[in-house]
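Read the structure below first, then the notes.
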Amino acid sequence: MTRIVLTGLWICTITVLSSYAVITWMPDLPRPRAEEYLEGLSYQKLRPLNIPIIAEGSVQGYILATIIFTAEAHLIKGAGVTPAPFVMDEAFRQIYADGDLDFRNLKKYDINKRLDEVKHRVNERLGSEIVKDVMVENFNFVTKKDIRS
């Protein structure tokens, strides 16, 4: 019986001493540096745009476009206003007012020119280079007769 008690005391003593040794040597170990949180680009997907195409005095159909833009996250927080409504507004204006976009006479469309123009105008309206890139996720045309009532 004394042998069991002495073995238990021995195990407890070793455990306490090893814990004490780890605690005293801990300051000598290199501590991980507190790394700064690096904020990168923030991707924001906008709700789909429904842009009417008007020709010959009536609506011919709608362009359904989903736009994504990237912006510096720390600039968005510092700006106080989110650029999303500005990107939506400018994309709508660019596509709606584009005379080259004619779905009756299909031809290749320079979407990069429009996206660069959207980015440039949004940054101009916001007063700084917040928006870094504007991308298209979806770009479709639906004729008026294809729309369900």
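Placing unit charges on the Cβ atoms of the charged side chains and taking the dipole of segment 67-149 about its Cα centre, the candidate lying farthest along the positive direction among ASN140, ASN123, ILE111 is ASN140. Mean projected area of the convex hull spanned by the Cα atoms of the chain, taken over all viewing directions: 20.1 nm².
Tell me, in nm to one decimal, what length is gained between LYS145 and THR13 on full extension, where the rule is 0.36 nm per residue of separation less the Cα-Cα distance?
That works out to 38.8 nm of additional length.
Of the DSSP H helices in the chain, those that are both long (alpha-carbon extent of 24 Å or more along the helix axis) and hydrophobic (Kyte-Doolittle mean at least 1.0) are 2-25.
Is segment 41-87 best put as rounded, prolate or oblate by its Cα gyration tensor, with a ≥ b ≥ c the root eigenvalues, rounded for a/c under 1.5, and otherwise prolate when a/b is larger than b/c, oblate when not? Here segment 41-87 falls in the prolate category.
Every number in this text was worked out from the coordinates using simple rules, so none of it is lab data. Everything numeric here is computed off the predicted structure, so don't read it as measured data. Here the Cβ is made from the backbone with ideal geometry for all residues, glycine too, and neighbour counts use every protein chain on show.
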